[in-house]
Amino acid sequence: MSARWSDRQQAMLREMGVTLWLPPQTDAMPLPEAAMSEPAPAPAPPPVRMSRPAAVSTAPNPPSVPRPLAARPSGVAAMDWLALREAVAGCEACGLCRGRQNTVFGVGHAQAQWMIIGEAPGEQEDRQGEPFVGKAGQLLDNMLRAVGLTRAEAGPEQQVYIANVLKCRPPMNRNPEPQEVAQCEPFLKRQVELVAPKLILAMGRFAVQSILQTGEPIGRLRGRVHAYQGVPVVVTYHPAYLLRNPADKARSWDDLCLAREVLRGGGPAPA
Ligand code: URA
């Protein structure tokens, strides 16, 4: 039994699919981190797929047809929670409203220390109006539990706030268009201001590249601390990607550990 990992944490890591190598009867064991940070001796890391992870369709986006945009709700930067939620619910600024069942605003503690930012709602999120409720969401919940966090009601130190860059589902889960991201981003910015988290965990290429305004791949952005609106940002793989590429769960665990360290004030300063 490791002195550093409780039975509960070990169970959580197993749920994440992270294998702990713990020899049964000796204290002279390798640290679990070491075991985990060596993802199964892969000959080469699997290529990071750059299509949107939650997507059912892997086809590239059809050429984008410029659509006339409705005006974005005004005054977003000064809205309170209620006004913001209503503005999102009524937004028609990018045209995705035409195919949505529900807007997906965000859930969690309004003063959470951790904010999780994903990409866009998928089919189930669109149906239920809540982010990350599908299979990827279950993995996200397990990952959060492994570091003592939850989306269930709790205090601001344990309960996270979860939001997406886009509040409406792109048709067929296609990749978000830049104009959709641009129209929707003020809502996310205001959510970040209102929550004022101590740390943002950005998941998946679109979320990461949108908030960090970069074209760099996740593989090169991981392991560093970035910033969004003055808040430290740690980036990691999207849970849907991890479902398809379980060998990278160990890297994702490293990212969670970095995020926890940053939140405790021990990580590198934001770049
Ligand atoms: N993928 C995301 O990025 N967000 C969700 O809410 C669901 C799937």
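The values are calculated or read from the model by the stated rules, or taken from the named source; none is laboratory data. Only a predicted model underlies this, so the values are computations on that prediction, with no experimental measurement involved. In this analysis, Cβ positions are derived from the backbone assuming ideal geometry, glycine residues included, and neighbour counts consider all displayed protein chains.
Structure values in brief
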{"item": "Selection from segment 117-133 of residues that are of a type outside the set (A, V, I, L, M, F, W, C) and within 6 Å of the ligand (Cβ to nearest atom)", "result": "GLY118, GLU119, PRO121, GLY122, GLU125, PRO131"}
{"item": "Some residue of segment 219-229 being within 16 Å of the ligand (Cβ to nearest atom) and among the polar types (S, T, N, Q)", "result": "no"}
{"item": "Selection from segment 107-116 of residues that are within 11 Å of the ligand (Cβ to nearest atom) and either assigned to a loop (DSSP other than H, G, I, E, B) or within 21 Å of ILE218 (Cβ to Cβ) (or both)", "result": "ILE116"}
{"item": "Count - residues of segment 117-151 that are in a loop (DSSP other than H, G, I, E, B) and either crowded, with 24+ Cβ neighbours inside 10 Å or modelled with pLDDT of 95 or more (or both)", "result": "13"}
{"item": "Some residue of segment 153-161 being at pLDDT 95 or above, within 16 Å of the ligand (Cβ to nearest atom), surrounded by 15 or more Cβ atoms within 10 Å (Cβ to Cβ) and within 17 Å of LEU188 (Cβ to Cβ)", "result": "yes"}
{"item": "Qualifying residue in segment 71-87 (condition: within 16 Å of the ligand (Cβ to nearest atom) and among the β-branched types (Val, Ile, Thr))", "result": "no"}
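This table checks each residue for (1) in a loop (DSSP other than H, G, I, E, B); (2) in contact (Cβ under 8 Å) with a residue 60 or more places away in the chain; (3) over 18 Å from LEU144 (Cα atoms); (4) more than 14 Å from the chain's Cα centre (by Cα).
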site	(1), (2), (3), (4)
LEU166	yes, yes, yes, no
PRO176	yes, yes, yes, yes
LEU201	no, yes, no, no
PHE206	no, yes, yes, no
ARG224	yes, no, yes, yes
VAL233	no, no, no, no
LEU242	no, yes, no, no
GLY266	yes, no, yes, yes
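Here's the yes/no breakdown for (1) under 25 Å from VAL133 (Cβ atoms); (2) among the hydroxyl-bearing types (Ser, Thr, Tyr):
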{"position": "GLN229", "(1), (2)": "no, no"}
{"position": "ALA240", "(1), (2)": "yes, no"}
{"position": "ASN245", "(1), (2)": "yes, no"}
{"position": "ASP248", "(1), (2)": "yes, no"}
{"position": "SER252", "(1), (2)": "yes, yes"}
{"position": "LEU256", "(1), (2)": "yes, no"}
{"position": "GLY265", "(1), (2)": "no, no"}
{"position": "PRO270", "(1), (2)": "no, no"}
